[in-house]
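Take a look at the structure below.
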Amino acid sequence: MVASVRLRAERPNLCLDSHTTTRNAGIWLVSVTSNLGKTVPKNKCLLRPTSAATNVGMCGIAALLSCGTIPELPPWPVWAGSSTSKTCTTQSPLSTNDVAQALERRGPDSTLHHTISIQGGVGETTIHLLQTVLSHRGSPPETLASDSGDALLFNGELYNVCDNTGANDFTALQQLLSRACREGDGLGMHALGALDELRGPWALIFWHNARRRLYFGRDCLGRRSLMLRVIRGTGLEILSIPPRHALHGFVELPPIGLGYVEFGRHGEVSFGALVSGSDKGMYVSFLPAKWLRSGKAAEEYKLTLLDSATKFLDRFRDSLQRRLVTNRSFTPGYPRYGVLFSGGIDSLFLAAVLDECLPEGETIELINVAFGKSDDALQACPDRANAISGLAELRNLSRTARDFDLRCVDVGPMEADETLASCVRHLVHPCDQLMDASIGTAIWLASRGRGYSYDARLDLPGQNKQLSCSTARILFSGLGADELMGGYKGRHRTIFRSEGAEGVKREMDADLSRLWFRNLGRDDRLIADHGKEVRHPFLDEDLISLVTRLPLVEHVCDLSKPDGVGDKHLLRRAAALVGLSSEATRRAKRAIQFGSRCKQRSLLRGEASRCHGALITDGYRVDATCRSRGLAGEVSLKVHGDQGGGGALCVGAADEEGAARERGGARH
């Protein structure tokens, strides 16, 4: 098929002020123009209704599209981790076998493959759809396609599409998308409204057979990885994780709504239509306007501090309950759930509420990672000391004599370097900062969970540590608490002193907006590499809506007060309501790279020094200009002062010191 491909952006009601931008500004499409041809599905046996089961989580998805002329992606700064020259590659297209092998680590339970051929003109377009499944909530689907020929690839959990847990996320979402295509404008604005109402993390690829469109997108926070690259002149590849030998050209797909490739419906559209008149649109936040705090008039609230803490605790309990659905029954000695546990206020509060939500007798695994050259150095790590004291706190607090198993993951310099070189570098791409290398190594080793039980070591002092791997396939993370409640004490306090509460609001909006490429996609790839799934109860939609509506200084964070008191004081009050001690609720933040001491290990001087290329900067606040040093020299991209909620920053630099200043690190 002779085809020409053009990209364009549909931006209805686009408002360039980041404080009022809605996700409706984010529809963009790739239209493939050719002679109208007939869509011929191969593997016709796949075209039958998906069997209804219970909810099922799926962890690896991919669409490999080969056709005529494919142009480069537009030079948007939002293509995280790439420069304009790297969004398109001349490398050979990926084989389905290579992609299946890369995805199988994310979904070890089953693999599905569906092929679609679109014939017409003088050639053929082929679409390979692949999905690997990590089944937490029922039997995997037997097919990817319905009897109408629509095919859905889905990675995530949806908490509000089914009336009960006997329904099926996969089937319900497929029906929702197919109905939106029939009733609306071809899955444009109509479907975006429906997708914006979904609760839970998701990434999807959807083939609509009647309209011959391939849709793809992520939830507005970007909690599940989805990457994309163009093979110049031959194809487009969209997948959860690329093979380690073929990273060149892959970028994170921004959570801007829905993109689609269309076959034979539209005429050519020039690149000039991509950004309508201004580059400001490149920097607006992808988050719903209701979550952005800066620029809004203060709302009148009659809630007391006790009221807001109680509401927060109730919403957090609801968030955890929604994330506890699994099809695995508990077996003594084989925990189903784990917490990435630093012993800080975020993970300690999470574990305490999880204790309230789980049935009596269920073990909770607390996974703690520490780096050091000797046993004394390992035990002296701040996060290890906090984890041990946190374990005692949880056991004293538990109303059911809960079995908390503190799993200690000890990492020496050699293991850290080997892990980075062989297991981590390709997973953190395109987030290739040195900071990502150290944090990524810590997260990968913690989520693998190969360590020893702290209790067993106490029972047998002086004995060799008995190492084993964690059995928990669902891991809870405290990510999001710092972004929501002012937890980056150095950066947030500096801005508070110079710009006051309004400056902190802008920075916190930006923190939440940047999570998709700074943390979430990277962490999803790292943890899913073990066939496990990360869940983020602090990033629940209802919880975010509550916290971002509360008056910042009065209820959420008061940075005029000392560390451990003013930062995240909404969370600290809720922790006190749960019953945590004043010592625990006043625990100050320590970023993972410092608490676990992964930053001090040789990996930052050795293997990580070779992590280079087109890297993300974390941006500097220098005269409202976001700077990056790319491979071709220094460039500056303007970011207007009223756009603190922007989710897009510069690309192209590898400045570790700047990253450390801006990021403040991720938390367990």
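The values are calculated or read from the model by the stated rules, or taken from the named source; none is laboratory data. Just so it is clear, the model here is predicted, and its values are computed rather than measured. Neighbour counts are summed over all protein chains in view; Cβ atoms, including those assigned to glycine, are modelled from backbone coordinates with ideal geometry.
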### Message
Could you go through region 445-456 and let me know if any residue there is of a type in the set (A, V, I, L, M) and modelled with pLDDT under 90.
### Response
yes
### Query
Out of (1) farther than 30 Å from GLY566 by Cα; (2) outside any helix (DSSP H, G or I); (3) within 17 Å of the chain's Cα centre (by Cα), the odd one out for SER470 is which?
(3)
#### Entry: Extreme residue, farthest from the chain's Cα centre (by Cα), among residues of region 321-357 that are part of a loop (DSSP other than H, G, I, E, B) and among the polar types (S, T, N, Q)
SER329
### Query
Which residue, of ALA421, ALA370, is within 23 Å of ALA102 (Cα to Cα) and touching an Asp or Glu at 6+ places or on another chain (Cβ under 9 Å)?
ALA421
### Query
Could you say which residue among ALA392, ALA421 is in the same structural domain as PRO359 (by TED's automatic domain parsing), surrounded by fewer than 19 Cβ atoms within 10 Å (Cβ to Cβ) and under 21 Å from ALA456 (Cβ atoms)?
ALA392
### Task
Give region 91-106 a look and list any residue that's touching a Gly at 6+ places or on another chain (Cβ under 8 Å) and either modelled with pLDDT under 80 or of a type in the set (Ser, Thr, Tyr) (or both), or say none.
GLN91
### Query
Is it true that some residue in region 510-531 is surrounded by 24 or more Cβ atoms within 10 Å (Cβ to Cβ) and more than 15 Å from the chain's Cα centre (by Cα)?
yes
### Task
Scan region 547-568 for residues that are more than 21 Å from the chain's Cα centre (by Cα) and assigned to a helix (DSSP H, G or I) and report the count.
6
### Message
Cβ-Cβ distance below 6 Å, separation of 6 or more or different chains: which pairs start in region 372-399 with a residue that is at pLDDT 95 or above and end on one that is in a helix (DSSP H, G or I) and of a type outside the set (Gly, Ala, Ser)?
### Response
GLY390/LEU348
### Message
Conditions first: (1) over 29 Å from THR585 (Cα atoms); (2) surrounded by fewer than 24 Cβ atoms within 10 Å (Cβ to Cβ); (3) modelled with pLDDT under 90; (4) touching a strand residue (DSSP E or B) at 6+ places or on another chain (Cβ under 8 Å). CYS431 passes all but one, so which condition is the exception?
### Response
(2)
### Task
Please enumerate the residues belonging to region 94-116 that are farther than 17 Å from SER225 by Cβ and either among the β-branched types (Val, Ile, Thr) or loosely packed, with under 15 Cβ neighbours inside 10 Å (or both).
SER95, THR96, ASN97, THR111, THR115, ILE116
### Message
Which condition from (1) in contact with a helix residue (DSSP H, G or I) (Cβ under 9 Å, 6 or more places away or on another chain); (2) crowded, with 22+ Cβ neighbours inside 10 Å; (3) within 30 Å of ALA446 (Cβ to Cβ) is the one that LYS505 breaks?
### Response
(3)
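Rundown of residues vs (1) in contact (Cβ under 8 Å) with a residue 40 or more places away in the chain; (2) assigned by TED's automatic domain parsing to the domain that holds SER308; (3) not β-branched (Val, Ile, Thr), yes/no style:
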{"position": "GLY500", "(1), (2), (3)": "no, yes, yes"}
{"position": "GLY521", "(1), (2), (3)": "yes, yes, yes"}
{"position": "ASP529", "(1), (2), (3)": "yes, yes, yes"}
{"position": "PHE538", "(1), (2), (3)": "yes, yes, yes"}
{"position": "THR548", "(1), (2), (3)": "yes, yes, no"}
{"position": "LEU559", "(1), (2), (3)": "yes, yes, yes"}
### Task
Mind listing whichever residues of region 379-425 are over 24 Å from ALA528 (Cα atoms), in a helix (DSSP H, G or I) and among the hydroxyl-bearing types (Ser, Thr, Tyr)?
SER389
### Query
Looking only at residues in region 246-295 that are outside any loop (DSSP other than H, G, I, E, B) and at pLDDT below 70, which one is farthest from PRO93 (Cα to Cα)?
LYS280
### Message
Please pick out the residue among ARG525, ARG518, ARG493 that is within 30 Å of PRO243 (Cβ to Cβ), modelled with pLDDT under 95 and not in a loop (DSSP other than H, G, I, E, B).
### Response
ARG518
### Task
Filter region 400-427 for residues that are farther than 30 Å from PRO243 by Cα, at pLDDT 90 or above and of a type in the set (A, V, I, L, M, F, W, C) and give the result.
PHE404, LEU406, CYS408
